[in-house]
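What follows is a short report on a single structure.
The values are calculated or read from the model by the stated rules, or taken from the named source; none is laboratory data. A quick note: this is a predicted structure, and the numbers were derived from the prediction, not measured. Heads up, the Cβs are rebuilt from the backbone with ideal geometry, glycines too, and the neighbour counts pull from every protein chain shown. For the accessible areas, the whole protein counts, side chains as well, though only heavy atoms, and no ligand, DNA or RNA atoms are used. Shrake-Rupley method; radii C 1.70, N 1.55, O 1.52, S 1.80 Å.
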Amino acid sequence: MAGPGANVTRICAAISHPRLGAITVGPIAAERAYALRQQVLRPHERVEEMASIDTGDPQELVLGARTARGEIVGTGVVAPGAAPAILGASAASRAAWRIRGMATRADARGVGIASAILVALVAHVTARGGRLVWCNARVAAQRFYERAGFVTAGDVWMEPDIGPHVVMWRRVESPAPP
Ligand SMILES: CC(C)(COP(=O)(O)OP(=O)(O)OC[C@H]1O[C@@H](n2cnc3c(N)ncnc32)[C@H](O)[C@@H]1OP(=O)(O)O)[C@@H](O)C(=O)NCCC(=O)NCCS
């Protein structure tokens, strides 16, 4: 029988924003995230280029935070992705997933939208037997990931046109067997 995590792609977190009102988090088609990704993460690229953030993996999950009017004000994606070498042999032996494209529209920040998205992304990984999640985090977002249990590995590097990045990761524990 399916465990509680099996339907995670249908779970919607609900958040109340003081000005934007009710916001729900749930799965969206990747294309619906492109405009926000471009605006927040890669203004130097074209909207169509935002497809490069997705892998096309059938297990990939793209989440969106939607206002009641249907505007996408937050997004994030997770898909299977080999752990970077900096995490070492122990990490390489764990089923690894990579988080990408975390963005919240500037006027929607600070009420927990990205945190809710991150929790749901990690739950998706857990439900599929993943054992580790990692990302190339912007240094400006390091504290955000630390609060979610991520730790930093290795040195900061400069991503052209974007800024300083660092690898961050955390273990994911599989659900206890029934
Ligand atoms: C990083 C980012 C995605 C966070 O989005 P967000 O929706 O504001 O995230 P949250 O609201 O969950 O958390 C952000 C802050 O608000 C605070 N916060 C969360 N919920 C809150 C609440 N209910 N009330 C008040 N403050 C709250 C948190 O303490 C957090 O502070 P900290 O991370 O500075 O310690 C967003 O700032 C962003 O898009 N930045 C630009 C792009 C970027 O750097 N993306 C990450 C790429 S790796």
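Could you go through the stretch 137-148 and let me know if any residue there is within 21 Å of R171 (Cβ to Cβ), open to solvent by 20 Å² or more (accessible area, probe 1.4 Å) and among the basic types (K, R). Within the stretch 137-148 (the criterion being within 21 Å of R171 (Cβ to Cβ), open to solvent by 20 Å² or more (accessible area, probe 1.4 Å) and among the basic types (K, R)), the answer is yes, since at least one residue qualifies. As for the stretch 123-136, it holds at least one residue that is at pLDDT 95 or above, closer than 15 Å to V151 by Cα and among the aliphatic types (A, V, I, L, M).
How many residues are within 7 Å of the ligand (Cβ to nearest atom) and assigned to a helix (DSSP H, G or I) when one looks only at the stretch 100-111? Write out each step before concluding.
Taking the stretch 100-111 as the starting set, the residues that turn out to be within 7 Å of the ligand (Cβ to nearest atom) are 102-104, 108-111.
Among the residues that remain, those that are also assigned to a helix (DSSP H, G or I) are: 108.
So the answer is 1.
For the stretch 128-153: of the residues being more than 7 Å from the ligand (Cβ to nearest atom) and among the aromatic types (F, W, Y), which is farthest from A116 (Cα to Cα)? Among them, the one singled out is W134.
Only one of V122, V156 is among the hydrophobic types (A, V, I, L, M, F, W, C), within 14 Å of the ligand (Cβ to nearest atom), buried (at least 19 other Cβ atoms within 10 Å of the Cβ) and not in a loop (DSSP other than H, G, I, E, B). Can you tell me which? Break it down into steps so the answer makes sense when it comes.
Working: V156 fails: buried (at least 19 other Cβ atoms within 10 Å of the Cβ).
Matching residue, one of V122, V156: V122.
When the stretch 159-178 is filtered for residues that are open to solvent by less than 70 Å² (accessible area, probe 1.4 Å) and assigned to a loop (DSSP other than H, G, I, E, B), the ones remaining, listed by number, are I162, V172, S174.
Go over the candidates V77, V111, V47 one by one and state the one that is in contact with a helix residue (DSSP H, G or I) (Cβ under 9 Å, 6 or more places away or on another chain) and crowded, with 17+ Cβ neighbours inside 10 Å. Walk me through it before giving the result.
On the way: V111 fails: in contact with a helix residue (DSSP H, G or I) (Cβ under 9 Å, 6 or more places away or on another chain); V47 fails: crowded, with 17+ Cβ neighbours inside 10 Å.
On inspection, the qualifying residue turns out to be V77.
Among the criteria (1) among the hydrophobic types (A, V, I, L, M, F, W, C); (2) in contact (Cβ under 8 Å) with a residue 24 or more places away in the chain; (3) under 22 Å from S174 (Cβ atoms); (4) away from the ligand (no atom under 15 Å from the Cβ), the one A82 does not fulfil is (2).
So, in the stretch 90-108, how many residues would count as being in contact with a Leu (Cβ under 8 Å, 6 or more places away or on another chain) and either surrounded by fewer than 19 Cβ atoms within 10 Å (Cβ to Cβ) or not aliphatic (A, V, I, L, M) (or both)?
Initially, the stretch 90-108 is screened for residues in contact with a Leu (Cβ under 8 Å, 6 or more places away or on another chain), giving 91, 94-97, 99, 101-103, 105, 107-108.
Filter once more, keeping what is either surrounded by fewer than 19 Cβ atoms within 10 Å (Cβ to Cβ) or not aliphatic (A, V, I, L, M) (or both): 94-95, 97, 101, 105, 107.
Qualifying residue count for the region: 6.
With respect to the conditions (1) open to solvent by less than 50 Å² (accessible area, probe 1.4 Å); (2) within 15 Å of the ligand (Cβ to nearest atom); (3) charged (D, E, K, R), R19 falls short on a single one, namely (1). No other residue among A114, A91 is at pLDDT below 95 and either in a strand (DSSP E or B) or under 15 Å from F150 (Cα atoms) (or both) apart from A91.
Taking residues in the stretch 57-69 that are within 14 Å of A120 (Cβ to Cβ) and within 16 Å of the ligand (Cβ to nearest atom), and partners anywhere that are assigned to a loop (DSSP other than H, G, I, E, B) and among the aliphatic types (A, V, I, L, M), the pairs with Cβ atoms closer than 6 Å and at least 6 places apart or on different chains are V62/I28; G64/I28. If the condition is being open to solvent by less than 40 Å² (accessible area, probe 1.4 Å) and outside any helix (DSSP H, G or I), then the stretch 22-41 contributes I23, V25, G26, I28, L41.
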